[in-house]
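This report refers to the structure that appears directly beneath it.
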Amino acid sequence: MEFDKVLKISRYLDPFQEFSETKRYSEVRQDPLTGHTTRILDFPIREIGRTDVSAVVENSKQFCPFCPEVVERVTPKFHPDLLSKERFSRGDALCVPNAFPYDENGAVCVMSREHYLPLREFTSEILKDALSCCFDYLGDVVVKQPDMVYQSVNWNYMPLAGGSIIHPHLQVTASSSSTNYYSDMLPALEKYQGEHGTDFWTDLCAEEQRLGQRFIDDTGRIAWLVAFAPMGIFDILGIIHQGRTPGDLYGETLDDLVRGVLHVLYYIDSLNLASLNMSLYFYLGESAFTPHVRICPRVSLPPFDTSQINYMKMLHNETLTTMKPEDICNGIKVIWDV
Ligand SMILES: [Zn+2]
């Protein structure tokens with residue numbers, strides 16, 4: 001397996017050093033599966049201060065469809081032609097149709113009775129109930145709609161990450177249409193299997209464990225890595241060894257998943273960041289596709305709250321980051337091992 005990177009050196013005459021020559025370094029890294037490239041810039045990382053979200057949290061309480069006083073009244077119910085239940089619930093988690101779906105089957109899972117939770121206040125009970133509730137829904141979708149094979153559980157936490165409602169909720173989709181992520185990945189997985197005669201994910205976990213630079217943990221049920229060529233400022237990857245469908249994950253695999261996700265949330269919080277995107281991907285009936293989760297934090301850049309998504313990501317589909325995956329791995333391991 002290749003972890004290809006090209007070192008780039010940019011030279012200019014620096015006005016702050018009497019116009020003498022200055023060099024800037026960056027790396028172009030290639031994802032070992034898809035070949036997608038990511039640029040890692042060697043800029044000094046400015047300390048990110050914790051953002052005060054109290055005003056936006058307070059304002060958003062004026063009307064919140066997911067708060068317990070109104071959620072039963074103002075959220076939709078599933079259509080009896082499609083699902084066996086009107087709503088799905090586990091503990092405090094409640095899964096209802098998304099009133100503004102992206103697909104034929106879109107749901108939201110309200111994760112807690114609390115209107116707002118800082119990342120450090122999520123618990124294993126909250127995550128376990130919420131994910132189980134999503135899996136109950138996804139398992140039920142395919143009973144009457146067996147072609148809904150592209151299934152995912154997704155999270156936009158806080159407005160910076162695309163969340164339009166503050167109240168913690170997951171977005172769940174079951175579709176007959178792939179996203180670009182699946183369309184890029186599947187031919188690459190088949191090509192790898194054809195060329196090597198082995199499974200990419202198994203080889204990736206073994207190789208990352210051998211190298212030790214981006215390997216966090218392997219419980220035997222889930223391996224946790226920092227992605228070599230991240231899709232965000234950093235990208236924590238959990239590869240699920242056992243289970244192909246959401247329903248296969250209940251029990252010990254879900255316990256491991258929840259523990260891992262919590263570690264990632266606490267690590268993101270320790271960096272003074274409060275926003276993230278997460279996707280947990282399944283592709284039912286496709287043996288080449290191993291379910292996995294990716295979590296990327298989101299940031300804005302001071303002093304103007306500049307979006308991290310600029311033309312590179314929007315129009316060149318290229319990630320930029322100043323955080324080296326190997327440094328992230330060293331940092332997250334400290335939290336993981338506590
Ligand atoms: Zn609320």
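Details
- Conditions (1) of a type outside the set (Ser, Thr, Tyr); (2) farther than 25 Å from Thr51 by Cβ; (3) at pLDDT 95 or above; number of the one not met by Val261: (2)
- Pairs, first assigned to a helix (DSSP H, G or I) and hydrophobic (A, V, I, L, M, F, W, C) in region 52-65, second at pLDDT 95 or above and within 12 Å of the ligand (Cβ to nearest atom), C-beta under 8 Å, six or more apart: Val56/Ile166; Val57/His115; Val57/Tyr116; Val57/Ile166
- Looking only at residues of region 302-311 that are over 17 Å from Asn277 (Cα atoms), at pLDDT below 95 and not polar (S, T, N, Q), we find that the one that is surrounded by the fewest Cβ atoms within 10 Å (Cβ to Cβ) is Pro303.
- Selection count where residues are without any contact (Cβ under 8 Å) to a residue 60 or more places away in the chain and either buried (at least 19 other Cβ atoms within 10 Å of the Cβ) or farther than 20 Å from Asp129 by Cα (or both), scope region 245-262: 3
- The criterion of being among the β-branched types (Val, Ile, Thr) and at pLDDT 95 or above does not hold for Thr322.
- Within region 114-229, helices (runs of 4 or more DSSP H) holding 1 or more residues that are within 16 Å of the ligand (Cβ to nearest atom) and under 28 Å from Leu273 (Cα atoms): 124-144
- Residue within region 222-230 that is over 30 Å from Ile48 (Cα atoms), modelled with pLDDT of 95 or more and touching a Gly at 6+ places or on another chain (Cβ under 8 Å) present: yes
- Residue check for Ser112: surrounded by 14 or more Cβ atoms within 10 Å (Cβ to Cβ), in contact with a helix residue (DSSP H, G or I) (Cβ under 8 Å, 6 or more places away or on another chain), touching a residue at least 40 places away in the same chain (Cβ under 8 Å) and more than 23 Å from Ile240 (Cα to Cα): yes
- Selection of first residues in region 134-162 that are within 17 Å of Leu257 (Cβ to Cβ) and of second residues that are small (Gly, Ala, Ser) and in a helix (DSSP H, G or I), restricted to Cβ pairs under 9 Å at least 6 apart or on distinct chains, gives the following pairs, ordered by first then second residue: Phe135/Gly247; Asp136/Gly247; Leu138/Gly247; Gly139/Gly247; Val153/Ala130; Trp155/Ala161.
- Selection within region 35-70 - over 13 Å from Pro230 (Cβ atoms) and more than 16 Å from the ligand (Cβ to nearest atom): Gly35, Asp42, Phe43, Pro44, Ile45, Arg46, Glu47, Ile48, Gly49, Arg50, Thr51, Asp52
- Filtering region 185-206 to residues that are in contact (Cβ under 8 Å) with a residue 40 or more places away in the chain and surrounded by 17 or more Cβ atoms within 10 Å (Cβ to Cβ) leaves Met185, Ala188, Leu189, Tyr192, Phe200, Trp201, Leu204.
- The condition of being free of Cβ contacts under 8 Å to residues at least 40 places away in the same chain and either farther than 30 Å from Gln30 by Cβ or surrounded by fewer than 16 Cβ atoms within 10 Å (Cβ to Cβ) (or both) does not hold for Ser176.
- Among the numbered conditions (1) surrounded by fewer than 17 Cβ atoms within 10 Å (Cβ to Cβ); (2) outside any loop (DSSP other than H, G, I, E, B); (3) away from the ligand (no atom under 15 Å from the Cβ), the only one that Ala107 does not meet is (1).
- Of all residues in region 11-59, those satisfying the criterion of being over 30 Å from Leu119 (Cβ atoms) and exposed (fewer than 10 other Cβ atoms within 10 Å of the Cβ) are Arg11, Pro15, Phe16, Gln17, Glu18, Ser20, Glu21.
- Criterion violated by Asp248 - all others in (1) in a helix (DSSP H, G or I); (2) over 21 Å from Asp140 (Cβ atoms) satisfied: (2)
- Search result, residues across region 71-104 that are more than 13 Å from the ligand (Cβ to nearest atom) and of a type in the set (Ser, Thr, Tyr): Ser84, Ser89, Tyr102
The values are calculated or read from the model by the stated rules, or taken from the named source; none is laboratory data. Since the structure is predicted, the reported quantities are computational estimates derived from the model, not experimental observations. Counting neighbours? That spans all protein chains shown, and the Cβs are built from the backbone with ideal geometry, glycine included.
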